[in-house]
Each structure stands twice: as structure tokens, then as C-alpha cells.
1. Based on DSSP, what percent of beta bridges with both residues in the chain are antiparallel, to the nearest 5?
2. Provide the three semi-axes, in whole Å and in decreasing order, of the ellipsoid equivalent to the chain as defined by the square roots of 5 times the Cα gyration tensor eigenvalues.
3. Rounded, prolate or oblate: pick one for region 203-261, where a ≥ b ≥ c are the square roots of the eigenvalues of its C-alpha gyration tensor, a/c under 1.5 means rounded, and failing that, prolate if a/b is larger than b/c, else oblate.
4. Compare the Cα positions of ALA154, LEU44, VAL104 along the charge dipole of the chain (+1 at Cβ of Lys, Arg; -1 at Cβ of Asp, Glu; about the Cα centre) and return the one farthest towards the positive end.
5. State the Kirkwood hydrodynamic radius of region 29-108 in Å, one decimal place, computed from all pairs of distinct Cα atoms.
6. What accessible area per residue comes out for the chain, rounded to a whole number of Å², with a 1.4 Å probe?
7. When the accessible area of the chain is split by element with a 1.4 Å probe, what percent falls to carbon and sulfur?
8. Of the DSSP beta bridges with both residues in region 54-191, give the percent that are antiparallel, rounding to the nearest 5.
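The values are calculated or read from the model by the stated rules, or taken from the named source; none is laboratory data. These figures come from a predicted structure and were not determined experimentally. Ideal geometry is used to build each Cβ from the backbone, glycine not excepted, and the neighbour counts take in all protein chains shown. Areas reflect the complete protein model, heavy atoms only, side chains present, ligands, DNA and RNA absent. Shrake-Rupley method; radii C 1.70, N 1.55, O 1.52, S 1.80 Å.
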Amino acid sequence: MTLDQLRARLAALGARPGHERRLLRTWLQGRPLAHDAGAFADFLPRRLLDALPALGTELAGLARLVSAHPGADGSARLLVGLADGATVESVLLPRAGLCVSTQVGCAVGCTFCMTGQGGLSRQLGSAEIVAQVALARSLREVRKVVFMGMGEPAHNLDNVLDAIDLLGTAGAVGHKELVFSTVGDARVFERLPQGRVKPALALSLHSSHAGLRAQLLPRAPRWDPADLVAAGETYARATGYPIQYQWTLIEGVNDGDDEIEGIAALLAGRYAMMNLIPYNAVDGLAFQRPAWERAAEMARALNRRGILTRLRRSAGQDVEGGCGQLRARAGAAGVRRIPVQVAT
């Protein structure tokens, strides 16, 4: 379902713009629509009021919790069921963050990612993307939403931008707390500046060498890293948000001294931040995570060169749920259901 389809449903039930905003805001806060039926009694048309229980059930079915896998770091990886039976992954992050999926599967085919191994099944509608936020807010507070889950957001651009617009308005998420992650589709740099809600941008770099980057991201647009950084810099200066460059650290692949020098050359003087993320191991793939001390030394070396660098721990590594693994295991043999503590 898309948000336009949802709005059309509401309009057919007699909703006016004020009614629509109120209902969408309630949904995005993670509350059942029928929960506020008493408050709505003198506000909504009778036909719409009577339809709230069924409508609320339908919205809840857009993204339902199949299983939750809490990590020791305060995160929780969620396997989310969609109305058609497909599943995607969302991640509750520490400090009130949420990572959402934008596609069932992914067409980019990153060689180190489980999601990329299975290809793309379908796009998520904008309402399905937003529904992951509503589901997460029924479990705990969410103030930041990053579009870094399953899928390449640029390949589902209309739906993702519709979701961003709603979250940045009725969803009460700060614009810089909405983070659009991409491997570098050129349409992103054209479309994002046009929206009334302009999210922060994260660019997947992974190597300063064009040839190696093409090997790691075989179906990503063929950008020279310097050109990709230049495009990101233009957006950063226009919005006032630094670009977040994403770098999955893989032992013996992109963790060498040559990459330290390459990153330093690319990002010198740029309005940017480098996120080094040690690889989250995937069953069946030969890649390995580098030693933490090696990753820490890379971060220190870059910071000494004036490149703002943060060494990240991929959320929930201890439950091995990243990069589509929860979905893959669920498809193969079911999943172990672990309850998430619901915030009160």
C-alpha cells in the first residue's frame, strides 16, 4: 500500500485534510486508531468513525512483528511480516533510532551482503515503509529513522521520498534525523534537494579505488569515488548536513594503509564524516571482520589527518541478524521468537 492509496481510502470515508492529519499522526505515534475513538467522536464523520477498527487492523497488518532479537548493546533486530506474507528487517537502534527497509530484497548485489545474494523481490509501498516506524514506536521511542535496511532506497525513490515527507511532518522526526542511504544513484542528487523535507545523506563508499568498489558493489552506478564525493559535497553544502560516508571494513580487502591514504585524499576539506563499520559476518561468505584494534587504528589515523571518523559497532552483531540474515533464516527453518520489552 502507498500513502496515496491510504489517503484515497480516508477521503472515500469522508475524511477532510484535518481528519487525515490527525489519523496519520495517531498511527505514526504507534497507537491503534481505535484507541483514540473517544477523542475522535465529536471530530470525525460518522462513516469514518465507524470504519476506524477495521482500518486500524489493516494498518497494523502492513508491518507486524514476527520475531525480535535483542542485542547486548540495546538494539533489537526485528523480523517484520508484511500483508502479503513477505518479510523484511528493521533494527531498533540505541538512542531512539530505527533502521527501516525499503525493498523486499535488493538488486545492487553487494558481494558482502546476504540481502544482495537473493536479488530483488518487490518494492515496498510508502505506507509499508512508514508502518515499520509505527510498529517500532509501539515498542519504544523513535526519534531518528535511517533508510539503511534491506534494499537500495534510490531504486524505490518515489515511495521513499513520500515516506520521508510524512515522517518529517506528521511523523515529527527532525529532518536531519532522517537519513537516506544510497550507493550513489544520480537521481538522488536531483530529487532530494526538491523536497520540502530534505534528509541527511549517507553514501556507501567502501573503497577509494573505483575498481575495487565496482567489485564489491557489482550493480551499483559506476562512479569514480572522487566524483561521488563531489556530488555529496554539493548536497551537504546546500542542506547544512554533513555527508555520512559508510565504509564496511573487510579484513584484507579494504582495511589497508592504501585506503587510509585514499580516504584522506578524498575527504580532505569536505563537509563529511566517515563511518567505519567492521563487517558483520554472513554465513556462507568468505569475508571476515578485521581485528578491532586494526579498525581502531584506521579511525585514529584518519582523525589525525583531519578526517572526522567514527568507528561504529554494527548494531546487534551478537545476534547475527544483519544484512538479511534474519529473513534468510526464517525462510529456511523458522525463527526463534524473543520478546522485546515494550516501553511504557
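1. 45 percent
2. That gives 36, 22, 17 Å for the three semi-axes.
3. prolate
4. Result: LEU44, furthest along the dipole toward the positive end.
5. After inverting the pairwise mean of 1/r, the radius is 14.9 Å.
6. On a per-residue basis, 42 Å².
7. 51 percent
8. 75 percent
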